[in-house]
1. Could you order Trp30, Trp93, Trp147 by accessible surface area, starting with the largest, using a probe radius of 1.4 Å?
2. Along the charge dipole of the chain, pointing to its positive end and built from +1/-1 on Cβ of Lys, Arg, Asp and Glu, which listed residue (Ser69, Leu97, Met160) has its Cα farthest out?
3. Mind jotting down a quarter of the surface of the convex hull over the alpha carbons of the chain, in square nanometres, one decimal?
4. Amide H to amide H, which residues 5 or more places from His61 or on other chains are under 5 Å from it, using H placed in the peptide plane?
5. Can you tell me the 0 to 90 degree angle between the C-alpha axis of helix 179-194 and the longest principal axis of the chain, rounded to 10?
6. What list of ³J(HN,Hα) values in whole Hz, one per residue of segment 84-98 in order, does the Karplus curve 6.51 cos²θ - 1.76 cosθ + 1.60 (θ = phi - 60°) give from phi, with Gly and Pro shown as x?
7. Take the alpha carbon atoms of segment 40-134, find their radius of gyration, then divide it by 2.2 N^0.38 Å using N residues; give the quotient.
8. Around Phe124, under 12 Å between beta carbons, what's the net of Lys plus Arg minus Asp minus Glu among the other residues?
Amino acid sequence: MSMQNVASQATAFTPPKRNSLKHIPGDEGWPLIGKTLAVLADPKGQVEFMHAKYGPVYRSHLFGETSISLLGPEANELILFDQAKQFSSTHGWGRILGLLFPRGLMLLDFEEHRLHRRALSVAFKSGPMKSYLSSLDAGIAARVGQWKAQPGPILFYPAMKQLTLDLAATSFLGADIGPEVDEVTNAFVDMVAASVAVIRRPLPG
């Protein structure tokens, strides 16, 4: 089966009008910006607050769109298994990630997603994973040595994040840790940060 045969068809999609979802409990916040700033400031805290106030299914307004959140294991099973093929990643994530990762694996639906995922899974089988192990061990040992040589405490999360990005670059891109990897990881961090930027246009300044 070729990828051309399963390419996602461009389907018309019109988001429901805000008034049509009023029967779902929730709070859409301020006009235009909704709850966007509150979620960016404290994503986990905002979800916990909304769950405590409205329950495991609630309505909000983020990044210019009304959103429905479903929490809990049953909701995760319903959406992630999606056996009835009712939930579209293309339409769900397109406005947030489409400009940054066009036609990325996370943005594909159904058979096309499955075909691409199967092609990528080859890199994560036992043989390739074992081949990564020696370079991962060496990279971790070298970085731990650097940490031990530094006097005083370190910030754990930024250090682990940088180590993870560096190791991923060396494993998947074959690059040595140094300026080239720094450039790649910085670009990746910038792209992820851009996915939740409030302003998504190249305005002057």
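1. On the way: Trp30 180, Trp93 105, Trp147 60 Å².
The most accessible residue leads, giving Trp30, Trp93, Trp147.
2. Checking the options against the dipole of the chain, the answer is Ser69.
3. Values: hull surface 67.8 nm².
Mean orientational projected area (the chain, Cα hull): 16.9 nm².
4. Amide H neighbours of His61: Lys35, Ser67.
5. That works out to roughly 10 degrees.
6. Whole-Hz 3J(HN,Hα) from phi for segment 84-98: 8, 6, 9, 10, 9, 6, 4, 6, x, 9, x, 5, 8, 10, x.
7. Numbers: Rg = 17.1 Å, N = 95, 2.2 N^0.38 = 12.4 Å.
In units of the 2.2 N^0.38 Å rule of thumb, it is 1.38.
8. Working: positive: Arg117, Arg118, Lys125, Lys130; negative: none.
Local charge sum for Phe124: +4.
The values are calculated or read from the model by the stated rules, or taken from the named source; none is laboratory data. Quick caveat: nothing in here was measured; it's all calculated off a predicted structure. Cβ coordinates were reconstructed from backbone atoms using ideal geometry, including for glycine residues, and neighbour counts include every protein chain displayed. Keep in mind that these areas ignore ligands, DNA and RNA; they rest on the heavy atoms of the full protein, side chains included. Shrake-Rupley method; radii C 1.70, N 1.55, O 1.52, S 1.80 Å.
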